[in-house]
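Since the structure comes first, as structure tokens, the remarks are kept for the end.
The values are calculated or read from the model by the stated rules, or taken from the named source; none is laboratory data. Worth saying up front: this structure is predicted, and the values here are computed from it rather than measured. Glycine gets a Cβ as well: all are built from the backbone with ideal geometry, and neighbour counts include every protein chain shown.
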Amino acid sequence: MTTIEISNDWQNKVLSSKTPVIVDFWAPWCPWCMKLMPVFEEVSKQYEGKLVFAKVNVEELEDIAQANGVMGIPVLKMFCDGRNVGELVGYMTKEKLDSELDKMLATIPNCIQQNSPSKEEIVK
């Protein structure tokens, strides 16, 4: 899975998503953001079907960053059913990001179960 770049489709791609979304708020001038980017991309492959990975450039979408309380970058925010359900601040290794995402997903099992396809839908 690759990450999706959010532009003017925040409502559709994040808030209305049937799958939980982890959003990387970043900027091209931020060295820690640039260091986190390949880690974020690599980890996205492990969560295919469980989590959507998205990126928001805070310089281009300042209003979305402000509306979501982004005070510093890099910051990752998880959304489920249109709600912010978790946040990770700063750079982290692949192992740390894996661990933190697993913890965050464990706190929202109802969202995941409610929005996951049933066995019948998968077989079709």
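Every residue, every condition in (1) of a type in the set (A, V, I, L, M); (2) touching an Asp or Glu at 6+ places or on another chain (Cβ under 8 Å); (3) surrounded by 13 or more Cβ atoms within 10 Å (Cβ to Cβ), yes or no:
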site: Gly49; (1), (2), (3): no, no, no
site: Lys55; (1), (2), (3): no, yes, yes
site: Gln66; (1), (2), (3): no, no, no
site: Cys80; (1), (2), (3): no, no, yes
site: Val85; (1), (2), (3): yes, no, yes
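Would you pick out the residues in region 58-88 that are hydrophobic (A, V, I, L, M, F, W, C) and part of a loop (DSSP other than H, G, I, E, B)?
Of everything in region 58-88, those that are hydrophobic (A, V, I, L, M, F, W, C) and part of a loop (DSSP other than H, G, I, E, B) turn out to be Val58, Leu61, Val70, Met71, Ile73.
State whether one or more residues within region 1-12 are closer than 18 Å to Leu101 by Cβ, in a helix (DSSP H, G or I) and within 13 Å of the chain's Cα centre (by Cα). Let's see the steps before the verdict.
First, the residues of region 1-12 that are closer than 18 Å to Leu101 by Cβ: 1-4.
Add one more test, that the residue is in a helix (DSSP H, G or I), and what stays is none.
No, that holds for no residue.
What are the residues in region 16-35 that are farther than 15 Å from Gly86 by Cβ and hydrophobic (A, V, I, L, M, F, W, C), if any?
Listed by number, the residues that qualify are Trp26, Ala27, Trp29, Cys30, Trp32, Cys33, Met34.
For region 30-42, how many residues meet the condition of being surrounded by 21 or more Cβ atoms within 10 Å (Cβ to Cβ) and of a type in the set (A, V, I, L, M)?
Step one: filter region 30-42 for residues surrounded by 21 or more Cβ atoms within 10 Å (Cβ to Cβ), giving 33, 36, 40.
Checking which are of a type in the set (A, V, I, L, M) leaves us with 36.
The total comes to 1.
Are any residues in region 70-95 without any contact (Cβ under 8 Å) to a residue 24 or more places away in the chain, closer than 14 Å to Ile22 by Cβ and out of contact with any strand residue (DSSP E or B) (no Cβ under 8 Å at 6 or more places or on another chain), and if so, which ones? Explain how you work it out, then say what you get.
At the first step, the residues of region 70-95 found to be without any contact (Cβ under 8 Å) to a residue 24 or more places away in the chain are 71-72, 83-84, 86-89, 95.
In the following step, the residues that additionally are closer than 14 Å to Ile22 by Cβ were identified as 83-84, 86-89.
Result: Arg83, single match.
(1) touching a residue at least 12 places away in the same chain (Cβ under 8 Å); (2) out of contact with any strand residue (DSSP E or B) (no Cβ under 7 Å at 6 or more places or on another chain); (3) surrounded by fewer than 17 Cβ atoms within 10 Å (Cβ to Cβ): which one isn't true of Ala27, the others all being true?
(2)
Tell me, yes or no, whether region 40-53 has at least one residue that is over 20 Å from Met104 (Cα atoms) and of a type in the set (Phe, Trp, Tyr). Walk me through it before giving the result.
Pass one, region 40-53, residues over 20 Å from Met104 (Cα atoms): none.
Scanning region 40-53, I find no residue that is over 20 Å from Met104 (Cα atoms) and of a type in the set (Phe, Trp, Tyr), so the answer is no.
Would you be able to tell me the number of residues in region 42-58 that are at pLDDT 95 or above and either touching a Gly at 6+ places or on another chain (Cβ under 8 Å) or not hydrophobic (A, V, I, L, M, F, W, C) (or both)?
2
Scanning region 6-21 for residues that are more than 15 Å from Val58 (Cβ to Cβ) and touching a helix residue (DSSP H, G or I) at 6+ places or on another chain (Cβ under 7 Å), which turns out surrounded by the most Cβ atoms within 10 Å (Cβ to Cβ)?
By that ranking, first place goes to Pro20.
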